[in-house]
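Participant: I am attaching a structure below and will ask some questions about it afterwards.
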Amino acid sequence: MPASDPWWSFALAPDDRDDADARRLTDVDGHLLVNPPDEQGRLTIGYPDYLHLDRLLSAQTPASTVPDERVFIIIHQLFELVFKQMIFDLGVVARTFQTLLDLNDGDFRAQALESLPDERGPSPFWRPSMTAAARLRHSARTVLPAMMQYIGRGEDDDVLFSTLEYHRFREFLVPASGFQTAQLRLIQRALGKSPVLGLHVFPGDTFRQHYTDCPAGHVALGDPAVLREGHARAFPGADDPAHGVTEIDDRAHAVLARLAPLATHTHAPPPVRLIPPEEIERAALRLRATLGDETDADATVSRFRTDLEAAAQQENERRTGFAEARRGAQALHDRYGRTTLAFVLDRLAATDAALHAPTPDSFLTVHRKAVRRHVAGDGGTGGGGMPYLVTSQRFLLPLFPALVAYTDLGAAGTDENADRW
Ligand code: HEM
């Protein structure tokens, strides 16, 4: 199959994956993309060229002679590689949902309600998104927090990264910050958090001091002046193969809505929770508290409140349209909990919690602990520091959970025996 973008050239249709020729990627001229036999029919590929190690292992340029800066580069690159895998896995699930939605009612129900696999494993249709969803949760719950240890403490409480040494190179990196990770922003959009990317909640002074195109006032997470050349990664266009990732939450709700006729309960499920004005006010008061006696503090807060009110109103309108999805979610929970669809939805919800929840082991909490360990006071290389990190994780992200019509009905219980195959 000619591969415009090999990374995204994947096949969900079982027949395509069964056919050895169809599943082998080629370039536009039909030449095998990887490991084409030479004139004598020999296969010459080696481990270094399959992994492009020349490019990968030459992509680390430290700013200083401080040894510990190397692990600081490596850990951020490891995160970005895992984020890349997570985006791909979200792409597999998003395309599976779209394939489901394109089916007629009969086929849709047959596929959507396929039971959890036995020893023989799931049907070829569900196999890719079952491993993808399982990997998503594993990445967020196990891999990311474990990697963060590289800048913390290891076994026997060994110090793996020195705060003193960190401060010997940190200033060379201003205003670069993990706040500018575009891939995590795309993952957050997939998990229902697009509205947060438009909120002007991050102090822009440090960026404005160095970036000429940085707008006045507080900046938004998704601002082009913040994400720079990564902006297109967080906001892939309609013709970008990653675009489906931005629609995964809406597609999941559309799949649930098509299950609504299966909800035979007499009583309707509790309505989808809307964002109440109190939580908007709470977030605005929180931001105000972090601004202290800054001159334009009130203007900053009023703009933020307006942003959040508009985002909440749009989100509440969206949720009001989820009545059918809610009934479908109720049917899935109560009658079809042991399906592959519930397995995939449960792991998407678990991924959201493992990344964002204000719980001790989530990625953002483990990160905040690392910041607390290495940075005295509230500063950050990007200028937001701990005040921003707390505002975002405790007051903003929880307002926009993934799969809002499904998640608070409780996990459908697809854990036990899930890994039998
Ligand atoms: C010594 C280690 C680290 C320190 C001191 C640190 C510090 C900070 C600070 C202060 C912020 C807030 C924004 C700012 O003011 O720049 C931030 C944001 C962020 N950092 Fe780190 N960081 C560290 C390591 C990492 C690592 C290894 C990652 C992995 C990708 C990471 C990912 C992030 C992300 C994603 C944000 C944005 C969080 C959000 O918007 O909710 N950081 N970091």
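The values are calculated or read from the model by the stated rules, or taken from the named source; none is laboratory data. Bear in mind that the values here come from a model prediction, so they are computed numbers and not experimental data. No Cβ is skipped: glycine too gets one built from the backbone with ideal geometry, and neighbour counts run over all protein chains shown. Note: areas computed on protein heavy atoms with side chains; ligands, DNA, RNA excluded. Shrake-Rupley method; radii C 1.70, N 1.55, O 1.52, S 1.80 Å.
Participant: For the chain, what does the accessible surface come to per residue with a 1.4 Å probe? Please give it in Å².
Facilitator: I get 49 Å² per residue for this part.
Participant: Let me ask you something else. Say R0 is 45 Å: what FRET efficiency, to the nearest 0.05, do Ala299 and Leu33 get from their beta-carbon distance?
Facilitator: 0.25
Participant: If you don't mind, another one. Percent of accessible area on region 60-419 owned by carbon and sulfur, 1.4 Å probe?
Facilitator: Here carbon and sulfur together make up 54 percent of the probe-accessible area.
Participant: Let me ask you something else. According to a simple spin-label model (label point 7 Å from Cα along Cα-to-Cβ), what is the distance in nm between Arg273 and Asp157?
Facilitator: If labels sit at Asp157 and Arg273, their model points lie 3.8 nm apart.
Participant: Hey, another quick one. Take Lys84, project a point 7 Å from its Cα along the Cβ direction, then tell me which residues of region 134-167 have their backbone nitrogen under 11 Å from it.
Facilitator: Once the point is set 7 Å along Cα→Cβ of Lys84, nothing inside region 134-167 turns out to lie under 11 Å by backbone N.
Participant: Find how much the distance from Asp205 to Asp49 grows on full extension, using 0.36 nm per residue of separation minus their present alpha carbon separation; answer in nm with one decimal.
Facilitator: Gain on stretching Asp205 to Asp49: 51.8 nm.
Participant: For the pair Gln77/Arg24, report the inter-label distance in nm, with labels modelled 7 Å from Cα in the Cβ direction.
Facilitator: The two pseudo-label positions are separated by 3.2 nm.
Participant: Then there's this: Would you please name the trypsin sites (Lys or Arg not before Pro) within region 86-147 that are DSSP coil residues with at most 10 other C-beta atoms within 10 Å of their C-beta?
Facilitator: Those satisfying the criteria are Arg120.
Participant: Taking R0 as 41 Å, what FRET efficiency do you get between Gln314 and Trp7 from their Cβ-Cβ distance, rounded to the nearest 0.05?
Facilitator: Efficiency computed from Cβ-Cβ geometry: 0.80.
Participant: Here's another thing I want to ask about it. Taking the Cβ of Phe83 as the center, what net charge do the other residues with Cβ under 12 Å away carry, scoring Lys and Arg +1 and Asp and Glu -1?
Facilitator: Every neighbour counted, the sum reads +1.
Participant: How would the chain be classified by its alpha-carbon gyration tensor: rounded, prolate or oblate, with rounded meaning a/c under 1.5 and the a/b versus b/c comparison settling the rest?
Facilitator: It comes out oblate by the Cα gyration axes.
Participant: Further, regarding this structure: So, in Å, what gap is there between the alpha-carbon centers of region 37-58 and region 275-354?
Facilitator: 47
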